[in-house]
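So the structure is just underneath, and the comments pick up after that.
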Amino acid sequence: NNGDGSPLEPALARRLSDAVASERGRLLLITDRPQLDRCADALAESDRLRFLSPDLHDSMFRELRWPGRDSLHDGIDVRSLELGPLELASLSITVRPEVMALLGDWEGGSLLMTRAKAAINSCSALAVVAIENSLPASYLAGGMAVERLWIEAQQAGLSVQPYSPASVYAVDDEAFVELGGERFAQSLRHADHLFRSASGLPDGACVALVLRLCTNAPPASVKSFRRPLDHQTVTQRER
């Protein structure tokens, strides 16, 4: 759900930065409205490409689960996206790859950008968890930093939603081609450059995750299922 855009308290902002730093990450906490607008433009373009690129489109919709049709024990329950009736109807159309292929041919899809802009415009801050480089150890530390940030933010009463660009883990030309294919790779590179510039990400740094933080947002209408702990862990004996 969207928040009301209320600013974060400075003391809370420091707590969040300290939480990320405790796991060797760096927090870029974006609260300035003009800067948030630039990030919103970059993320909106990234969302458009996520729908138009066949591989990204397939990856996105394989995660979604529709009540009454799919098992809800994994994936993302579409009700948890907090979409209105019109948006939900639109989603049932954008799931069709042939429709997205036509939009790509027409170089269209501007309406696919509206939700991202509304989401960023209503948040209190955009939290970019940065790591030093793309080494596996850095991403491991980045994952722990994201977890620490998420827990700290929710304990403070903030609503938290991942909102990373589609190119978040693309660190070389080969990865951009793998994500967008030859057709959309350059557009993804451009959107990635726009986000890095808008967020102030240092040269050479990588993104562990981007999170949208909201104050005064309504609670989630649907809770996601969690798998039993014994399905997620492996004991020494089992090994």
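The values are calculated or read from the model by the stated rules, or taken from the named source; none is laboratory data. Since we're looking at a predicted model, the values are computed, not measured. Ideal geometry is used to build each Cβ from the backbone, glycine not excepted, and the neighbour counts take in all protein chains shown. Heads up: the accessible areas ignore ligands, DNA and RNA and are worked out on the full protein's heavy atoms, side chains in. Shrake-Rupley method; radii C 1.70, N 1.55, O 1.52, S 1.80 Å.
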- Task: Round to a whole angstrom and tell me the spacing of the C-alpha centers of the stretch 58-84 and the stretch 167-239.
- Result: 18
- Message: Which of the three applies to the chain, rounded, prolate or oblate, going by the alpha-carbon gyration tensor with a ≥ b ≥ c and a/c under 1.5 meaning rounded?
- Response: rounded
- Note on the structure: In whole percents, the bins of 10 Å from zero upward hold the Cα-Cα pairs of the stretch 99-161 as 17, 29, 26, 25, 3
- So what does H193 come to for accessible area, using a 1.4 Å probe and Å² rounded to 10? 120
- Note on the structure: Result for the chain: accessible area per residue, probe 1.4 angstrom, in square angstrom, of 57
- Message: Can you classify the stretch 135-180 as rounded, prolate or oblate using the Cα gyration tensor, where a ≥ b ≥ c are the square roots of its eigenvalues, rounded means a/c under 1.5, and otherwise it's prolate if a/b beats b/c and oblate if not?
- Response: oblate
- Message: If the elastic network links every pair of Cα atoms under 10 Å, which of S71, S224, S122 fluctuates the most in the Gaussian network model of the chain?
- Response: S71
- Gaussian network model of the chain, Cα within-10 Å springs - most flexible of P165, P67, P34: P67
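So how much slack lies between L135 and D77, counting 0.36 nm per residue of separation and subtracting their Cα-Cα distance, in nm?
17.6 nm
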- About its Cα centre, what dipole magnitude does the stretch 1-124 give when the only charges are +1 on Lys and Arg Cβ and -1 on Asp and Glu Cβ, stated in debye to the nearest 20? 260
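How high is the relative contact order of the chain, given as a whole-number percent (alpha carbon pairs under 8 Å, six or more residues apart)?
With pairs under 8 Å counted, the relative contact order is 37 percent.
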- Item | Fully extended contour minus Cα-Cα distance, from I93 to V222, at 0.36 nm per residue | 44.2 nm
- Message: Under a crude label model (7 Å from the Cα following the beta-carbon direction), how far is Q154 from R24 in nanometres?
- Response: 2.6
- Heavy-atom accessible surface of the chain: percent carbon and sulfur, 1.4 Å: 53
- Query: By average Cβ neighbour count within 10 Å, what is the ranking of 100-106, 15-21 from highest down?
  - Reply: 15-21, 100-106
